[in-house]
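Taken together, the values in this text are just the output of simple stated rules run on the coordinates, not laboratory data. A quick note: this is a predicted structure, and the numbers were derived from the prediction, not measured. All Cβ positions, glycine included, derive from the backbone under ideal geometry; neighbour counts span all protein chains shown.
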Amino acid sequence: MNALRYLDFGQSRPLLLLIARIAIVLLFIIFGLPKMTGFDGTVQYMAKLGAPMPMLAAIIAVVMEIPAAILIVLGFFTRPIALLFVFYTLGTAVIGHPYWEMSGDAIMPNMINFYKNISIAGAFLLLAVTGPGAISIDRR
């Protein structure tokens, strides 16, 4: 048990949790900005994917990937927003990367992205459990 003591990150824990929050949502912010600035194209892309109600799906995507992601970085309402991200990320995995319905060269990249989304959902679940840490609006 003495060896486990070294896994406690002590004073660096708040900074590490901030870095983790930024890392988890960076992908969403980077790809959310073009969704927001090219909103008509986002709606068309959602329709092409077969997303139900493409306009609503595009609005949800932009809201989750920009303002909700920024709230995660700030550590504001972190736990409930992280839970929303779990479901959002699982939904985008199923709707955006249905590799089981594909053939040929499309299977592997979509399988990778599907499981990447599963991993990201796991990170959000972990964030919902651990909370944002001391460097957050939630803790102030």
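Distance between the modelled labels on Ala106 and Met55, one decimal in nanometres: 2.7 nm (7 Å Cα→Cβ projection).
Can you compute the charge dipole magnitude of the chain about its Cα centre, using +1 on each Lys and Arg Cβ and -1 on each Asp and Glu Cβ, nothing else charged? Give it in debye, rounded to the nearest 20. Can you show the working numbers first?
Working: 9 positive and 6 negative charges, 99 e Å.
That gives the chain a dipole magnitude of about 480 debye.
Pairwise alpha-carbon distances in the chain exceed 24 Å for 38% of all pairs. Take every pair of alpha-carbon atoms less than 8 Å apart whose residues are at least six positions apart; their mean separation over the length of the chain yields a relative contact order of 29 percent. Hey, quick one: spin label on Leu74, modelled 7 Å out along Cα-Cβ, who in segment 43-61 has an amide N within reach, i.e. under 16 Å? Counting only backbone N, you get no residues. For the pair Leu83 and Ser12, what calculated FRET efficiency results from E = 1/(1 + (r/R0)^6), where r is the Cβ-Cβ distance and R0 = 25 Å, to the nearest 0.05? It comes out at approximately 0.45.
Per residue and in Å³, how big is the convex hull formed by the alpha-carbon atoms of segment 86-140? Write down the numbers at each step before the final one.
Values: hull volume 4.1 nm³, N = 55.
Spread over its residues, the Cα hull of segment 86-140 gives 74 Å³ apiece.
Between Lys48 and Val63, the distance separating the two model label sites (each 7 Å from Cα on the Cα→Cβ line) works out to 2.5 nm. Of the residues Leu27, Gly41, Ile112, the one whose Cα sits farthest towards the positive end of the charge dipole of the chain is Leu27 (charges of +1 on Lys and Arg Cβ, -1 on Asp and Glu Cβ, taken about the Cα centre).
Based solely on its DSSP helices, what 222 nm [θ] is calculated for the chain when runs of n ≥ 4 H residues each add -39,500 (n - 2.57) and the sum is averaged over all residues, nearest 500 deg cm²/dmol? Walk me through the intermediate numbers first.
Values: 6 runs with 95 residues, N = 140.
About -22500 deg cm²/dmol.
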